[in-house]
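Sending over a structure as structure tokens; questions will come in a sec.
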Amino acid sequence: MARFQLIEVEAIPYLYVDRNCSMDPTEVGEAMATAFGEVWAFMEEHGVPPAGGALSVYNDYSENQLAFRAGFTIAREDMAAAQGAVKADTTPSGRVLHFTHEGSYAGLRPVYDEMMAHMETEGLAYAPPTWEVYLNGPDEVPEERLVTEIYQALAG
């Protein structure tokens, strides 16, 4: 069971590209991989260093379609480098529901279901976006040692 916490967060600047795909885990993985590659190449070309990990930001969900932003955290002053398909934004600041997931990305869906049940029990109202920060990646550690931090914005 995930350990959910209400915490206050500061806005985090990031560079990203938009992606849309089905909810099929293989398609999601491919869409994320190409998005991260595109943003990383842009950052290398423009001399923008990462300020933290990779992240995905989810503003819209449906049962069959996933629309998201994928990219990397950066310093606020590097937001001006964004151009073309690579855009800049910040995650929200304020009170959020936070938890850390250890294990495969495929194991995230049941934990999100847990989160929604926890929010209902605690009387917390969901508001977009949700964002995930990847503290390591499948090229660095075995799948069972992947660490993902999840942040859920709250209404009100």
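Just so it is clear, none of the values below were taken in a lab; they were calculated from the coordinates. Note that this is a predicted model, so its numbers are computed, not measured. For neighbour counting, all protein chains shown are included, and Cβ atoms are generated from backbone atoms with ideal geometry for every residue, glycine included.
Suppose we flag GluC sites (Glu not before Pro) only when DSSP calls them loop and at most 14 other Cβ atoms lie within 10 Å. Which is the longest uninterrupted stretch of the chain?
Values: sites that count: Glu10, Glu63, Glu140.
The reported range is 64-139.
Using the reciprocal of the averaged 1/r over all distinct C-alpha pairs, how large is the Kirkwood radius of segment 66-105 in Å?
Radius from the Kirkwood sum: 13.2 Å.
Also: Output needed: percent of Cα pairs per 5 Å distance bin for segment 1-77, bins running from 0 to the one holding the longest distance.
So the P(r) values, bin by bin, are 3, 15, 21, 20, 16, 15, 8, 2, 0.
Can you tell me how segment 1-44 classifies by the Cα gyration tensor, rounded, prolate or oblate, using a/c under 1.5 as the rounded cut? Intermediate results must be reported in sequence, preceding the final value.
Working: a/c = 2.90, a/b = 1.28, b/c = 2.27.
Cα axes put segment 1-44 in the oblate bin.
Can you list residues from other chains, or at least 5 along the same chain, whose modelled amide H is less than 5 Å from the amide H of Leu146?
Close amide H contacts, sequence-distant or interchain: Gly103.
Considering the chain as a Gaussian network with a 10 Å cut-off on Cα pairs, which listed residue, Thr90, Thr26, Thr100, attains the greatest mean-square fluctuation?
Result for the chain, Cα springs under 10 Å: Thr26 fluctuates most.
How large is log10 of I(q)/I(0) for the chain at q = 0.12, 0.13 Å⁻¹ when the intensity is taken from the Debye formula with one equal scatterer per alpha-carbon?
Relative scattering, expressed as log10 I(q)/I(0), comes to -0.51, -0.60.
For the peptides 79-85, 31-37, what is the packing order when you average, over each peptide's residues, the other Cβ atoms within 10 Å and list the highest mean first? Present the calculation step by step, with values, prior to reporting the outcome.
Details: 79-85: 12.9, 31-37: 17.3.
Those peptides, ordered most packed to least, come out 31-37, 79-85.
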